[in-house]
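What follows is calculated from the coordinates using simple rules that are stated; it is not laboratory data. Just so it is clear, the structure is predicted and the values come from calculations on it, not from any experiment. Using ideal geometry, Cβ is built from the backbone for each residue, glycine included, and neighbour counts are taken over all protein chains shown.
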Amino acid sequence: MTHDLTPSDSLGGAIMSQIEQLATYSELANGLSRRYLSPEHRKANDQVGDWMQSAGMNVRQDEIGNIIGRYEGTSEGLPAVMIGSHLDTVVMAGKYDGMLGVTTGIACVEELNRQGKRLPFAIEIIGFADEEGVRFQSTYLGSRALTGNFDTALLERKDEHGITMAQAMTEFGLDPLRVGDAARQKKDILAYLELHIEQGPVLESENLPVGVVTSIAGANRMLITLEGVAGHAGTVPMGMRQDALAVAAECILAVETVCSEGDNVVGTVGKLTTEPGAVNVIPGDVQFTLDLRAAKDENRIKALEKVSRLMVEAARRRGVKLTLENTHQAVSVPCDDNIMNFIDQAITESGWPVRRLPSGAGHDAAAMAEMVPAGMLFIRCKDGISHSPAEDITIEDALAGARVMFKLLSNLDFSS
């Protein structure tokens, strides 16, 4: 079914302007960082809520901190197509990761409202509160709460300042005892759509503005703690040391070695801290993170088992205590075939060839797919760079993504 909708060419400029505004809500003076339940998160939610309201939506914030705008269909109370992404960022982030999906959704609804159009389903735009997991080391907090899969044990997890998630929620004005109220009913959501920058180089290398995501890679995140013995750098013989950092070095090289063996597994140690951290003291305590991903779950699990075994061996050999804590685990998720076909059609009708590709990054779509049909549209980004201030897209590609999303909304048919 086609609803004969044509978007305005001004959508690209509106999207880019809103993204620039959101980039000003940062905890850092010299870069973008916006963590879950921070004052900057509050500012982003308030701003996005204002834009949603101006676009013709009814707006609310749910019990986990997601900001949601609803545009009714041809009659009130119809099931909704949900369009969204996240509003939190990594440290020293780019401007488009997450925010592009939210602002594009708002722009599409604003265009529908300007044209006085209603569809045979409601549209809900959602800015998820936490996808990156930076503050409490657990991803998809917003989308897992919405799908009813939030682990309440996480409420006691502490950030780097010793503040629990429950405390942070209370300070934000949320009630941690009511987080379960954020869960939605499956019958009320027809599908979930997410537009996102590719975060990779494929589309740019093939001179394509858009692509269809086929699947989202599975992932494990771990926090590894090593407890050795601190000592004087000049007086403890090399053969008698219990150097936690030396073990960490072996562990990190094990990650690189195992993930380079050809099973399309990627592994990253993104954060490492040492104590006491003095130039003339043997490191006694070390913590570091591990992020391990693969499109095929069996390859990821095999790699994780091998890496863990090599870490245990390195720690035992050097007399250092090793603790492995699994902070996040997600299986690989295929996108919905029917939604992918609708995205294919929207891209073709917009004048571009269809390119299907997997996502090596995690997205809220992976959590949403556990409850409803989910699909993703990728937009090319400059040099494939993401999670960096160098992250960039063009206004032309922002408009291309909005046109495809608008056409997709025009074509969606849930009557069969």
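Given only helices, namely DSSP H runs of n ≥ 4 each adding -39500 (n - 2.57), what is the per-residue ellipticity at 222 nm of the chain, to the nearest 500 deg cm²/dmol? Walk me through the intermediate numbers first.
Values: 11 runs with 136 residues, N = 416.
Helices in the chain give a 222 nm mean residue ellipticity of -10000 deg cm²/dmol.
Centroid-to-centroid, using Cα positions, the stretch 354-416 and the stretch 137-176 are 27 Å apart. Backbone geometry of the stretch 169-176 corresponds, through the Karplus equation with coefficients 6.51, -1.76 and 1.60 at θ = phi - 60°, to 3J(HN,Hα) couplings of 5, 4, 5, 7, x, 9, 9, x Hz, x marking Gly and Pro. If I model a spin label as a point 7 Å beyond the Cα along the Cα-Cβ vector, how far apart are those points for H161 and R42 in nm? Label at H161, label at R42, 1.2 nm between them. Taking a Cβ cut-off of under 13 Å around A402, the surrounding Lys, Arg, Asp and Glu residues balance to a net charge of -3, with basic ones at +1 and acidic ones at -1.
A simple rule links phi to the HN-Hα coupling: the Karplus curve 6.51 cos²θ - 1.76 cosθ + 1.60 with θ = phi - 60°, which for the stretch 235-240 gives 10, 8, x, 4, x, 10 Hz, with x for Gly and Pro.
Per-peptide packing, taken as the mean over residues of other Cβ atoms within 10 Å, places 340-348, 82-90, 323-331 in the sequence 82-90, 340-348, 323-331 from highest down.
Taking the number of other C-beta atoms within 10 Å as the exposure measure, put F378, F150 in order starting with the fewest.
Values: F378 26, F150 23.
Listing F378, F150 from fewest to most nearby Cβ atoms yields F150, F378.
As a calculated quantity, the FRET efficiency between R114 and I385 at R0 = 45 Å, using C-beta atoms, amounts to about 0.85.
Rounded, prolate or oblate, given the Cα gyration tensor of the stretch 168-285, with a/c below 1.5 counting as rounded? Because a/c hits 1.5 or more and a/b fails to exceed b/c, the stretch 168-285 counts as oblate.
Distant-in-sequence amide contacts of S85, defined by a placed amide H-H separation under 5 Å and a gap of 5 or more residues or a different chain, comprise V102, I126, F128.
Amide H contacts of I197 (H built 1.01 Å from N, in plane; Pro and chain starts excluded): G98, I379 sit under 5 Å, all sequence-distant by 5 or more or on other chains.
The alpha-carbon atoms of the stretch 281-373, seen along their principal axes, cover 64, 27, 20 angstrom, with the largest extent given first.
Taking every C-alpha pair closer than 8 Å and separated by at least 6 residues, the mean separation divided by the residue count of the stretch 251-377 gives a relative contact order of 20 percent.
In terms of packing, defined here as the mean over residues of other Cβ atoms within 10 angstrom, the peptides 17-26, 235-244, 120-129, 199-208 line up highest first as 120-129, 17-26, 199-208, 235-244. Can you tell me the 0 to 90 degree angle between the C-alpha axis of helix 395-411 and the longest principal axis of the chain, rounded to 10? With rounding to tens, the tilt is 60 degrees.
Karplus-derived 3J(HN,Hα) values for the stretch 247-254, using 6.51 cos²θ - 1.76 cosθ + 1.60 with θ = phi - 60°, are 5, 4, 4, 4, 5, 5, 5, 5 Hz; glycine and proline are entered as x. Here K321 is the anchor, and the aspartates and glutamates within straight C-alpha reach of less than 17 Å, apart from those fewer than 8 places off in the same chain, are E227, D243, E250, E275, D285, E313.
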